[in-house]
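Asker: After the structure tokens below, expect a handful of questions from me.
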Amino acid sequence: MNDLLKPYWLTMHESRLMSHLRRLDYPEPHIRNIVNAYREHKANRRIKRIKQTMTHQLWDFILQAARSELGVVRTMKSQLRRDLYPSAAVEAKLAALEAYETVIVDVIAKLRQVQKADELTPSQFVAHLYKEGKRQIPNNGTHWSDYVKLADRRRVEIMFENLPHTGRGKKKVPFERRISTEEHDKLREKLLRTLSNELATAEQELAMVGNAFDKEDLQAKINRMQEAQYILDMLPSNAPLPPTWHGLLNMRDQIV
């Protein structure tokens, strides 16, 4: 905290603080210095609070999808346990679901710790892990399954792959990259807004530039943005989305 400020001054409104300082007969120049320090402290705290709120929300998007998948797994387990005469196939499926559940619970617990710290966004956390040489998280950490250890993922996938297909309903695919439609819509709106703004700027620059090489570069950029818009329009409504439009170009194989 600034040396000029006393902790209890920060509990006051600015006008009350000024009146308080004048009652203490502080010189006006000193009062101005204190009030400026007070304003700076309040502004920094507000910025930090906004940043923490945004960071918390970004992790909420990821955790919401993990909790939704956990709910699905637990529902499936509950339905299987109603079988009065469980077969070997049922027992195998239960074991696979329990292993999958354990992995999801573990990931949620670890990501909640990062969220509670309110220091790093998902992309910053991924960059931090890479810098520290700990883990390389795929897809910039946009989905909870990106944080699953490769050994855990493969172990669970093998358990599900080995399950006999009964022919009833769709076979469960673990670690499927899905998010809620609500979250998808929020991220999609943000990406569309960014794409529209950057596309308009690039088209204006293209109309004004005279250099042929610059024109070629700008046209290539416009083509990439238009492709990104097309991919965004064609993606399923529960597909996780990247933080920037550039990441959409890596999702060509996911369009429907």
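Asker: Any idea which of Arg177, Arg153, Arg224 is under 27 Å from Gln57 (Cα atoms) and at pLDDT 90 or above?
Answerer: Working: Arg177 fails: at pLDDT 90 or above; Arg224 fails: under 27 Å from Gln57 (Cα atoms).
Within the list Arg177, Arg153, Arg224, the selection yields Arg153.
Asker: Let me ask something else. Quick test for you: out of Arg112, Arg135, pick the one residue that is in a loop (DSSP other than H, G, I, E, B), charged (D, E, K, R) and not assigned by TED's automatic domain parsing to the domain that holds Leu249.
Answerer: Arg135
Yes or no, residue by residue, for (1) touching a helix residue (DSSP H, G or I) at 6+ places or on another chain (Cβ under 6 Å); (2) at pLDDT 95 or above; (3) surrounded by 14 or more Cβ atoms within 10 Å (Cβ to Cβ):
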| position | (1), (2), (3) |
| --- | --- |
| Ala66 | yes, no, yes |
| Gln79 | no, no, no |
| Asp83 | yes, no, no |
| Ala89 | no, no, no |
| Ala92 | no, no, yes |
| Leu97 | yes, yes, yes |
| Thr102 | no, yes, no |
| Val107 | yes, yes, yes |
| Lys110 | no, yes, no |
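Asker: Right, another one. Tally the residues that are surrounded by 14 or more Cβ atoms within 10 Å (Cβ to Cβ), free of Cβ contacts under 8 Å to residues at least 40 places away in the same chain and small (Gly, Ala, Ser), restricting the search to the stretch 112-135.
Answerer: Within the stretch 112-135, residues that are surrounded by 14 or more Cβ atoms within 10 Å (Cβ to Cβ), free of Cβ contacts under 8 Å to residues at least 40 places away in the same chain and small (Gly, Ala, Ser) number 1.
Asker: Now, a different point. If you go through the stretch 146-164 one residue at a time, do you hit one that is on the phi > 0 side of the Ramachandran plot, outside any helix (DSSP H, G or I), surrounded by 11 or more Cβ atoms within 10 Å (Cβ to Cβ) and hydrophobic (A, V, I, L, M, F, W, C)? Let's see the steps before the verdict.
Answerer: Initial filter on the stretch 146-164 (on the phi > 0 side of the Ramachandran plot): none.
Scanning the stretch 146-164, I find no residue that is on the phi > 0 side of the Ramachandran plot, outside any helix (DSSP H, G or I), surrounded by 11 or more Cβ atoms within 10 Å (Cβ to Cβ) and hydrophobic (A, V, I, L, M, F, W, C), so the answer is no.
Let's see how each residue does on (1) farther than 21 Å from Met251 by Cβ; (2) aromatic (Phe, Trp, Tyr); (3) in the same structural domain as Glu91 (by TED's automatic domain parsing):
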{"position": "Leu120", "(1), (2), (3)": "yes, no, yes"}
{"position": "Asp152", "(1), (2), (3)": "yes, no, yes"}
{"position": "Phe175", "(1), (2), (3)": "no, yes, no"}
{"position": "Lys186", "(1), (2), (3)": "no, no, no"}
{"position": "Met208", "(1), (2), (3)": "yes, no, no"}
{"position": "Asp217", "(1), (2), (3)": "yes, no, no"}
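Asker: Taking the conditions exactly as written (surrounded by 13 or more Cβ atoms within 10 Å (Cβ to Cβ) and either over 22 Å from the mean Cα position of the chain (by Cα) or among the acidic types (Asp, Glu) (or both)), does Leu199 satisfy them or not? Spell out the reasoning first.
Answerer: Working: surrounded by 13 or more Cβ atoms within 10 Å (Cβ to Cβ): yes; either over 22 Å from the mean Cα position of the chain (by Cα) or among the acidic types (Asp, Glu) (or both): yes.
Answer is yes for this residue.
The rows are residues; the columns are (1) more than 18 Å from the chain's Cα centre (by Cα); (2) farther than 20 Å from Thr181 by Cβ.
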{"site": "Met208", "(1), (2)": "yes, yes"}
{"site": "Leu218", "(1), (2)": "yes, yes"}
{"site": "Met225", "(1), (2)": "yes, yes"}
{"site": "Ile231", "(1), (2)": "yes, no"}
{"site": "Met234", "(1), (2)": "yes, no"}
{"site": "Pro242", "(1), (2)": "no, no"}
{"site": "Leu248", "(1), (2)": "no, no"}
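Asker: Then there's this: Looking at Ser78, Ser123, which one is over 18 Å from the mean Cα position of the chain (by Cα) and among the small types (Gly, Ala, Ser)?
Answerer: Details: Ser123 fails: over 18 Å from the mean Cα position of the chain (by Cα).
Only one candidate passes the filter, namely Ser78.
Asker: For the stretch 115-132, name all the residues that are in a helix (DSSP H, G or I) and under 20 Å from Trp59 (Cα atoms). Reasoning before the result, please.
Answerer: To start, the set of residues in the stretch 115-132 that are in a helix (DSSP H, G or I) comprises 115-117, 122-131.
Listed by number, the residues that qualify are Gln115, Lys116, Ala117, Pro122, Ser123, Gln124, Phe125, Val126, Ala127, His128, Leu129, Tyr130.
The values are calculated or read from the model by the stated rules, or taken from the named source; none is laboratory data. The structure displayed is predicted, hence computed values, not measured ones. Glycine also receives a Cβ, built like all others from the backbone with ideal geometry; neighbour counts cover every protein chain displayed.
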